[in-house]
Amino acid sequence: MNNFSYTKATDLQHAVSLLSENNDHKAVAGGTNIIDLMKYFVTEADTLVDINRISGLSDINDTENGGIMLGALMTNADTAYHPVVENRYPLLSKAILAGASAQIRNMATNGGNLMQRTRCYYFYDPAVPCNKREPGSGCSATKGYNRIHAILGHNDNCIAVFPSDMCVGLAALDAKVHISGPQGERVLPFADFHRLPGDTPHLDNNLQAGELITGLELPEEGFSEYYSYLKLRDRNSYAFALVSVAAGFDIEGGLIKEAKIALGGVAHKPWRSAEAENYLKGKTPSEEHFAEAAEIMLDGAQGFEHNHFKIALAKRAIVRNSIMAMNPGSQRPGAKPSL
Ligand code: SF4
């Protein structure tokens, strides 16, 4: 780990000003990823700017649109167990609790969850080429061991996946990301926050220099009746998703009025398909229709030597999770999902 300075931001403006001074000034809140990145020499920060003391970013507030705003500095645990989130946005609560460990969720913040970096093994190993860590050096994963890597939205520059569970729930809920920076405040739809690798695989998201996430806005509709989050992984806890699915449905008169499905563990960002969701509108919630939506969602998927299995796994996960969403009680341990 390199030597670095540490300073505490007193308020939002102070934090923005410190972060804008130099690209090597990095924000730290829970510190559950950036400290690892520094220890592994993946990120070299001159100065860590502690943003934990910024007031007003650690709670939940109602919005004018009937939704809620989650403070960027609220911990993942406080968010998941907050009664408003549990009751109105249980899909998000479930997605958060599928991630990491209880200890990490107690430290990790909502803003930090969006800012975490890929867990591609080669990204964390400075001895091997990696376009994300060192642009232009090459990608060690395309011809290496790529069991955990992407099947959608990738290219030769990078086949890493974004590791968050919480963000898969936020994507399905059509959250909005509130941002403060040197140019003032702005709001990004969740789908526009993270990026696909394209020609700039070193950039994970569209945050500009000096900008900070201040809040995550959730819409009024939280799919509290028909929802499910399914995470498939190599072991039952403290492992990243091979495939995960967040689904929320609005059912009216026995037909699907609205469907929101997001996939995790398959791409450089949570994956949505407007075509698949539109296909489901007006249909009965049946296994056959969910299977067709899964085919649409995985259209164009391309695996690598060790992760072809993810394509079939993702399709089955979409069907199973959608069936579970029709009966959220079926998600209890030991229960058998049914329509
Ligand atoms: Fe680096 Fe991306 Fe390739 Fe992993 S997949 S080695 S993060 S460029």
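The values are calculated or read from the model by the stated rules, or taken from the named source; none is laboratory data. Keep in mind that what you see is a predicted model, and the values were worked out from it rather than measured. All Cβ positions, glycine included, derive from the backbone under ideal geometry; neighbour counts span all protein chains shown.
Of all residues in region 80-92 being out of contact with any Ser or Thr (no Cβ under 6 Å at 6 or more places or on another chain) and free of Cβ contacts under 8 Å to residues at least 40 places away in the same chain, which is surrounded by the fewest Cβ atoms within 10 Å (Cβ to Cβ)? So the residue we want is P83.
If you take the residues of region 148-173 that are in a loop (DSSP other than H, G, I, E, B) and small (G, A, S), which of them is farthest from the ligand (Cβ to nearest atom)? Top of the filtered list is S164. Those strands (runs of 3 or more DSSP E) of region 188-265 in which 2 or more residues are β-branched (V, I, T) occupy 212-218, 243-252, 255-264.
Here K143 clears all of (1) within 16 Å of the ligand (Cβ to nearest atom); (2) under 18 Å from R195 (Cα atoms) except the condition numbered (2). Filtering region 115-134 for residues that are within 30 Å of E258 (Cβ to Cβ), touching a strand residue (DSSP E or B) at 6+ places or on another chain (Cβ under 9 Å) and among the aliphatic types (A, V, I, L, M) leaves a non-empty set. Scanning region 1-53 for residues that are acidic (D, E), under 24 Å from M74 (Cβ atoms) and part of a helix (DSSP H, G or I) yields one hit, D36. Taken over region 245-274, residues that are closer than 21 Å to I151 by Cβ and free of Cβ contacts under 8 Å to residues at least 24 places away in the same chain amount to 1. Candidates in region 124-138 are the residues that are surrounded by 15 or more Cβ atoms within 10 Å (Cβ to Cβ) and of a type in the set (D, E, K, R); of these, the one that is nearest to the ligand (Cβ to nearest atom) is K132.
List every residue pair whose Cβ atoms sit under 8 Å apart, with the two residues 6 or more apart in sequence or on different chains, where the first one lies in region 151-179 and is crowded, with 24+ Cβ neighbours inside 10 Å and the second, anywhere, is part of a strand (DSSP E or B) and among the polar types (S, T, N, Q). As it stands, the answer is D165/S244; V168/S244, since those pairs meet every condition given.
Scan region 225-244 for residues that are hydrophobic (A, V, I, L, M, F, W, C) and free of Cβ contacts under 8 Å to residues at least 60 places away in the same chain and the total you get is 1. Of all residues in region 280-290, those satisfying the criterion of being surrounded by 19 or more Cβ atoms within 10 Å (Cβ to Cβ) and either among the aliphatic types (A, V, I, L, M) or free of Cβ contacts under 8 Å to residues at least 40 places away in the same chain (or both) are L280, F290.
crowded, with 19+ Cβ neighbours inside 10 Å and in contact with an Asp or Glu (Cβ under 7 Å, 6 or more places away or on another chain), is that true of G264? In short, yes.
If you go through region 101-117 and keep only what is buried (at least 23 other Cβ atoms within 10 Å of the Cβ) and either closer than 12 Å to H194 by Cβ or polar (S, T, N, Q) (or both), you end up with T109, N110, N113, L114. Of the set (1) touching a Phe, Trp or Tyr at 6+ places or on another chain (Cβ under 9 Å); (2) modelled with pLDDT under 95; (3) closer than 19 Å to A127 by Cα, all apply to D46 but (3).
Do you know which residues across region 22-34 are surrounded by fewer than 19 Cβ atoms within 10 Å (Cβ to Cβ) and modelled with pLDDT of 95 or more? Answer for region 22-34, where residues must be surrounded by fewer than 19 Cβ atoms within 10 Å (Cβ to Cβ) and modelled with pLDDT of 95 or more: just G31.
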